[in-house]
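As structure tokens, the structure follows; a few thoughts come after it.
The values are calculated or read from the model by the stated rules, or taken from the named source; none is laboratory data. Since the model is a prediction, treat every value here as computed from it, not as a measurement. As a convention, Cβ positions derive from the backbone with ideal geometry for all residues, glycine included, and neighbour counts pool all protein chains shown.
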């Protein structure tokens, strides 16, 4: 497994950190992003795939609101139908506006594409770890961007990366919670 071999102060942000910020759902993530915004010595990156995951979360939310809440579906019916979304143009307009707002609000984060080598790493991770596909893509992107740290609140993701680091001759990437990284930055 290649290592990130970080060459600068680059932080990779997992989707849950950005979602916490945009939805104002976790103070630790909000504080971290505000700290990173104000500390110009850190470059912040994430993946275009992150934006796609954010879109999926918003689609799920809209579908839930339009079916379970508005139409009073049972939970069983919602679970059976959740992959058969029937969103309309106004829903997609809301999602487009949300993405635009994320890009505008979080201008200090570069949303980058995974390279061909990154896809190879993602496939290797997918075939050799218990990570979900989305986490394989996120980790591969962070590695190919040569990030110092990947920040996530996903405990399972943290544990798998720590295990990979323990098995590797060189640390692949540091993985941290928002609280830990904020404490390090504020020292």
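Per this entry, residue 98 is not counted among residues that are over 18 Å from residue 179 (Cα atoms), in contact with a helix residue (DSSP H, G or I) (Cβ under 8 Å, 6 or more places away or on another chain), assigned to a helix (DSSP H, G or I) and free of Cβ contacts under 8 Å to residues at least 12 places away in the same chain.
Could you identify the single residue in 129, 144 that is surrounded by fewer than 19 Cβ atoms within 10 Å (Cβ to Cβ) and modelled with pLDDT of 95 or more? Answer to the selection: 129.
When you check residue 155 against the structure, is it surrounded by fewer than 17 Cβ atoms within 10 Å (Cβ to Cβ) and under 19 Å from residue 46 (Cα atoms), yes or no? Yes; evaluated as a whole, the condition is true for this residue.
Of all the numbered requirements in (1) within 30 Å of residue 172 (Cα to Cα); (2) in a helix (DSSP H, G or I), residue 68 misses one, and that requirement is (1).
Give region 11-34 a look and list any residue that's buried (at least 19 other Cβ atoms within 10 Å of the Cβ) and outside any helix (DSSP H, G or I), or say none. Across region 11-34, the qualifying residues are 11, 12, 13, 14. Looking at residue 135, is it more than 15 Å from residue 46 (Cβ to Cβ) and either buried (at least 22 other Cβ atoms within 10 Å of the Cβ) or free of Cβ contacts under 8 Å to residues at least 40 places away in the same chain (or both)? In short, no.
Residues of region 158-178 include none that is within 18 Å of residue 18 (Cα to Cα) and out of contact with any strand residue (DSSP E or B) (no Cβ under 9 Å at 6 or more places or on another chain). Residues of region 35-55 that are loosely packed, with under 15 Cβ neighbours inside 10 Å and either touching a helix residue (DSSP H, G or I) at 6+ places or on another chain (Cβ under 8 Å) or at pLDDT below 95 (or both): 38, 39, 40, 41. When 185, 172 are checked against the criterion of being in a helix (DSSP H, G or I), touching a residue at least 60 places away in the same chain (Cβ under 8 Å), touching a helix residue (DSSP H, G or I) at 6+ places or on another chain (Cβ under 6 Å) and surrounded by 14 or more Cβ atoms within 10 Å (Cβ to Cβ), 185 stands alone in meeting it. For region 142-155, the tally of residues that are out of contact with any helix residue (DSSP H, G or I) (no Cβ under 7 Å at 6 or more places or on another chain), assigned to a helix (DSSP H, G or I) and either more than 21 Å from residue 20 (Cβ to Cβ) or touching a residue at least 24 places away in the same chain (Cβ under 8 Å) (or both) stands at 1.
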